[in-house]
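Q: Got a structure for you, questions after.
The values are calculated or read from the model by the stated rules, or taken from the named source; none is laboratory data. Just so we're clear, the structure is a prediction, and the values are computed from it rather than from any experiment. Cβ placement follows ideal geometry from the backbone for every residue including glycine, while neighbour counts extend to all protein chains displayed. Accessible surface is based on the protein model in full, side chains and every heavy atom, while ligands, DNA and RNA are left aside. Shrake-Rupley method; radii C 1.70, N 1.55, O 1.52, S 1.80 Å.
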Amino acid sequence: MLYGADYNPDQWPEEVWPDDVRLMREAGVTTVSLGIFAWSRIQPAPGAWDFAWLDRIIDLLHEGGIAVNLATATASPPPWMTTAHPDALAADEHGAPYWHGSRQHHSPASPTWRRLAAELVRRLAERYADHPAVVMWHVDNELGCHLHEDFSDAARDAFRTWTRARYGSVERLNEAWGTAFWSQRYGSFDEVFPPRKAPFIRNPAHVLDYKRFMSDTWLEVYLMQRDIIRAAGATQPISTNMMGAFPPADYASWAPHIDVITDDCYPDPLDPARPLTTAFQRDLVRSLKRGQPWILMEQATDAVNWRATNPSKMPGQLAAETAQSIGRGADGIMFFQWRQSRAGAEKFHSAMLPQAGTRTRTWREAVALGERLAALGDLPSPGDDAPVALVFDWENWWAVEGEGHPMTVDYLQVVRDWHAALTRRGIMVDVVPPERVDGRYRLAIAPFLYLLREAGAEALARFVAHGGVLAAGPFTDVVDDNDRFREGGFLTQLGPVLGVAFEDFRALVPPDRATVAERAGEVGSAAAGASDERAFARFAGGIAGAGTILAEAIWADDAEVVAAYETGPSTGRPAVTRRAHGDGSAWYLATQPSPETLGAVLDALIADAGVRPELDEVPEGVEVARRGDLVTIINHGTEPARVEAEGTLLGSDEPFGARTLAPQEFAFVLAPREPAPARADLPLEARA
Ligand code: GAL
């Protein structure tokens, strides 16, 4: 178990360093991420290099028994660089540059920045590849964090190269992007630009490809640095810190190139669903490399400083959040940062060692946590713990939230709503793209899978054919990889598996939006909420509930109608269908169940799939997660919670039995999993 923080000794006089190492030992720190923003200290001027200070601090840490996750220091180029080379600057959608004075102002596509960054990384790697303190490499920092999109000339040139490689000829690009529409036909790749500021809706296929390009560009930066580090003979694992469901980076496509997944997570103390939101993030990052532990590379010991209001954590919250990460697969717990900065944009950000010193609650909690983690010993690797696959796909995220659609949808929120309902029931979930849905799962849920690649559709069909239970929809299987309708209508790939055919989308009005007609009647007054009938489509039958966002009109040609709409634009039509297929079944949800009624739909799905929760009873506010034989139970609530569980407390023979967990209290329980019954052995009523 790694324990430690980002360490920025370049912000401090050297006299402080021995004190740092002494206090790190006191706090149980095993590892620090070193020098993440140290470029201007290492290379104070073009051609001038200063590694002596870095040699000294690495040696000092090593003597103190502290390992180093050595950063490549490329995330904030020094002012000399962008002054001398303005072509290294990134630009916004107007083409206006971002300037130095903060961080991450460079264009990741700029050949100048890449050349200078490559030299820095090469020198670092050659110097420290064999240093016994260095246990890992930290490439750049949160690639893309502040720069989701770059419209610089360097990005323009790289985008042309990217589109040329993807399409080969401009005719193919025209076909893929549907440029016959609005006179957008390109005569050559030299006419292609990143989708800069435009008067109206931009070509969706162009925008989608540009998002792919940006994600690929950041990945290229990672690969460039990884290759340099390896070429220098380094054998340590290499990683770059991710940010959970971070919109611009398709981490699922990055993961195969990264030795160990590392993630940064800053729960919002004002988010009422905080423990569920973070459970989703941990599951997402764990699922990137199934069966492998990951490292929490950054969290805050206490308050952050970059939201509008930054309250402290509750007493015990830090430990409870840490337990959640471990329970969901983390083998390293690290912070931003070791010692609170005295100057600069983040001086109010918490750290392990606060500006107010060691008499603080934060310090005591950091020390106590270090002791607790050191006592854990070896933990089982996360394995085949999740019976449910929740489909989440970045390309689809980019496409489904595009402009010019029947409605808007917050895709991440919908996926999180499903995840939250599963998590509340104590069911483990992997969060994966459709291609990764396989026979290890019993249930797969795929909402709003608008852009469905052929390989994804094939995997989902195979899953059902082999006995899995699939719940797809709504707004699923609508377009191909280029955001074009496929030939033959909608649900062209999954329709035969689901036994349904598609007529129309029929958007519902978001509950907080007035319709134009309603507003017209209320000029001068605050916009009224949409009437219930326009916002919700109620359905009943085998399951009852209320649909939101869309009330699609479908035909259940070869499927059983589980529930039909009782209100809304598709009244009388099927709302939920099920087609049995051998041991498996395929459900179509023609509407998105409201958060209040999603549970009823989910209960039917988990019964059909024979999925069982980790505990029979999961009280409100309590989280249960499995990691191999280790079950983590956490009370995130504000009231004590009574929990009953089989198994013994980790590190002792004491049975957990039935206990009351105080708010923020948690327990690690060893409880070998009983093998789940084969689906065919379940009584029929439990399956349907
Ligand atoms: C992260 C970043 C750190 C620090 C931290 C503050 O995004 O990687 O360098 O800025 O946020 O919360």
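Q: Any residue at all in segment 223-245 that's open to solvent by 10 Å² or more (accessible area, probe 1.4 Å), within 16 Å of the ligand (Cβ to nearest atom) and under 19 Å from the mean Cα position of the chain (by Cα)?
A: Here is the first cut: in segment 223-245, the residues open to solvent by 10 Å² or more (accessible area, probe 1.4 Å) are 223-224, 226-228, 230-233, 235-237, 243, 245.
Still in the list and also within 16 Å of the ligand (Cβ to nearest atom): 243, 245.
Within this subset, residues satisfying the condition of being under 19 Å from the mean Cα position of the chain (by Cα) are 243, 245.
Yes: segment 223-245 contains one or more residues that are open to solvent by 10 Å² or more (accessible area, probe 1.4 Å), within 16 Å of the ligand (Cβ to nearest atom) and under 19 Å from the mean Cα position of the chain (by Cα).
Q: Conditions first: (1) surrounded by 16 or more Cβ atoms within 10 Å (Cβ to Cβ); (2) assigned to a strand (DSSP E or B). V135 passes all but one, so which condition is the exception?
A: Condition (1) is where V135 drops out.
Q: Could you check how many residues of segment 60-79 are under 13 Å from H105 (Cα atoms) and open to solvent by 10 Å² or more (accessible area, probe 1.4 Å)? Lay out the reasoning, then the answer.
A: We begin by selecting, within segment 60-79, every residue under 13 Å from H105 (Cα atoms); these are 74-79.
If we keep only those that are open to solvent by 10 Å² or more (accessible area, probe 1.4 Å) too, we end up with 76, 79.
Residues in segment 60-79 being under 13 Å from H105 (Cα atoms) and open to solvent by 10 Å² or more (accessible area, probe 1.4 Å): 2 in total.
Q: Output the residues belonging to segment 429-451 that are within 16 Å of the chain's Cα centre (by Cα) and farther than 25 Å from L208 by Cβ.
A: Matches in segment 429-451: V429, D430.
Q: Go through the residues of segment 562-585 one by one and say whether even a single one is within 25 Å of the chain's Cα centre (by Cα), acidic (D, E) and part of a loop (DSSP other than H, G, I, E, B). Don't jump to the end; show me each part of the working.
A: Within segment 562-585, the subset within 25 Å of the chain's Cα centre (by Cα) is none.
Checked against the condition, which is being within 25 Å of the chain's Cα centre (by Cα), acidic (D, E) and part of a loop (DSSP other than H, G, I, E, B), segment 562-585 yields no hits at all.
Q: Still on this structure, please answer the following. Condition check: touching a strand residue (DSSP E or B) at 6+ places or on another chain (Cβ under 7 Å), assigned to a loop (DSSP other than H, G, I, E, B), modelled with pLDDT of 95 or more and open to solvent by less than 40 Å² (accessible area, probe 1.4 Å). Does V643 satisfy that?
A: No: the conditions fail for V643.
Q: Among the candidates Q104, Q11, which residue alone is within 16 Å of the ligand (Cβ to nearest atom), open to solvent by 60 Å² or more (accessible area, probe 1.4 Å) and within 26 Å of I295 (Cα to Cα)?
A: Q11
Q: Another one. Testing R307 on (1) surrounded by fewer than 17 Cβ atoms within 10 Å (Cβ to Cβ); (2) modelled with pLDDT of 95 or more; (3) more than 26 Å from R230 (Cβ to Cβ); (4) away from the ligand (no atom under 14 Å from the Cβ), one condition comes back false. Which one is that?
A: (4)
Q: Looking at this structure, is G327 at negative phi, outside the structural domain of G628 (by TED's automatic domain parsing) and in contact (Cβ under 8 Å) with a residue 12 or more places away in the chain?
A: yes
Q: Given E149, E119, E126, E142, which one is within 16 Å of the ligand (Cβ to nearest atom), open to solvent by 10 Å² or more (accessible area, probe 1.4 Å) and within 30 Å of P237 (Cα to Cα)?
A: Being within 16 Å of the ligand (Cβ to nearest atom), open to solvent by 10 Å² or more (accessible area, probe 1.4 Å) and within 30 Å of P237 (Cα to Cα) holds for just one of E149, E119, E126, E142, which is E142.
Q: Across segment 246-267, what is the total count of residues that are more than 12 Å from W218 (Cβ to Cβ), open to solvent by 20 Å² or more (accessible area, probe 1.4 Å) and either part of a helix (DSSP H, G or I) or within 11 Å of the ligand (Cβ to nearest atom) (or both)?
A: Summing the residues that are more than 12 Å from W218 (Cβ to Cβ), open to solvent by 20 Å² or more (accessible area, probe 1.4 Å) and either part of a helix (DSSP H, G or I) or within 11 Å of the ligand (Cβ to nearest atom) (or both) in segment 246-267 gives 3.
Q: Okay, next question. Of the residues G495, G473, G456, G489, which is more than 23 Å from the chain's Cα centre (by Cα), at pLDDT 95 or above and within 23 Å of W418 (Cα to Cα)?
A: G495
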